[in-house]
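Report on the following structure.
Read the figures in this text as sums done on the coordinates, not as results from a lab. Remember, predicted model here, so these are calculated numbers, not experimental data.
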Amino acid sequence: MKTLSSIVLLLTFAGLASADNFVYSSLPSPIPVNLPSLGYEATSTSEFGQGVQLSGDVGATLTTAEVYMSNWALESTYETVGTSTGFTVPLTLDFYNVGPDDSVGSLFATYTIAAFIQWRPEASSSCTGGAFLGSDGQCYNGLGQVVTFSLGGLSVPAQFIYGLAFNTTDYGADPTGIAGPYDSLNFGLIGDGVDPVTPSVGSDLVANSAYWNTSYAGFYGDDGLGGVGTFRLDANDWEGYDPAIAFSVAAVPEPAAIMLLGTVAFVFLLLVRRRSTARRPTL
């Protein structure tokens, strides 16, 4: 007869298989060495993000958010900051309801983490302009990396707006006033700036658009007519680019795993019953 430990092992193995748990994703797969990116200090940015339409057009309980960041900062530039492998910077992910005409509505959740960011490699002699040679044989100025926010079961509607915010020397909710590697930290973008691009899971609330808080009027598609220095819809000005981010829910067992769980449970009950019957006294 199988022991209880062997049954538990089978149950554990069955639970390993899980369905794709993204409900929205614009993250490329596999994760590339680097992507085009939006520099917050360089573009006078305090917050940048996107309007989300979840797959299935229903609300969800989010467990994680994965954000693609591109770091252009060198350790040799900031030798007194962080460690030999990277530095830590507070990153904030805000969640907003969708207001009238796809405007930014009320803030309903915010998460701040101390994100560890790896230094980009020093310049390679085989590359020009101070770039480094990536593992794919191409030259890059920034090193891409995915930062994960633990959302702990955040309930969101089918449509919402998110914004990623952090402080740089001159911008953000509380500018540091001191130059640092965060001035060279960018939000990664999928796309080539020419061809239309869409998320692989879910969709954008407003096609070819983004949500942006920049204090420079000329960066907005409407030249700042809709407001400057406020997080708002930047409509019809982002064809060819989309922020690289993914939102996940708890993994759901695959149908095959569910069938295996049911089979194991059934066999376990039969074994228990057979053993119990064998122990009964005969008359």
Once normalised by the length of the stretch 109-149, the mean sequence separation of its alpha carbon contacts under 8 Å that are 6 or more apart gives a contact order in percent of 35
Just need the Rg to Rh number for the stretch 32-88, please, alpha carbons only, Kirkwood Rh.
1.08
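Given the Cα-Cα distance of D223 and Y111 and 0.36 nm per residue of separation, how much length would full extension add, in nm? Present the calculation step by step, with values, prior to reporting the outcome.
On the way: separation 112, 0.36 × 112 = 40.32 nm, distance 3.06 nm.
Additional length available on full extension: 37.3 nm.
Give the average over all directions of the projected area of the C-alpha convex hull of the stretch 15-163, one decimal, in nm². All intermediate terms of the calculation are to be shown ahead of the outcome.
Values: hull surface 46.8 nm².
Taking a quarter of the hull surface, the average projection is 11.7 nm².
Hey, could you get me the Stokes-Einstein D for the stretch 121-256, Kirkwood radius over alpha-carbon pairs, 4 °C and 1.567 mPa s, rounded to whole µm² s⁻¹?
Details: Rh = 18.1 Å.
D, rounded to a whole number, is 72 µm²/s.
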Please provide three numbers in whole Å: the alpha-carbon extents of the stretch 81-143 along the principal axes, with the largest listed first.
53, 30, 18
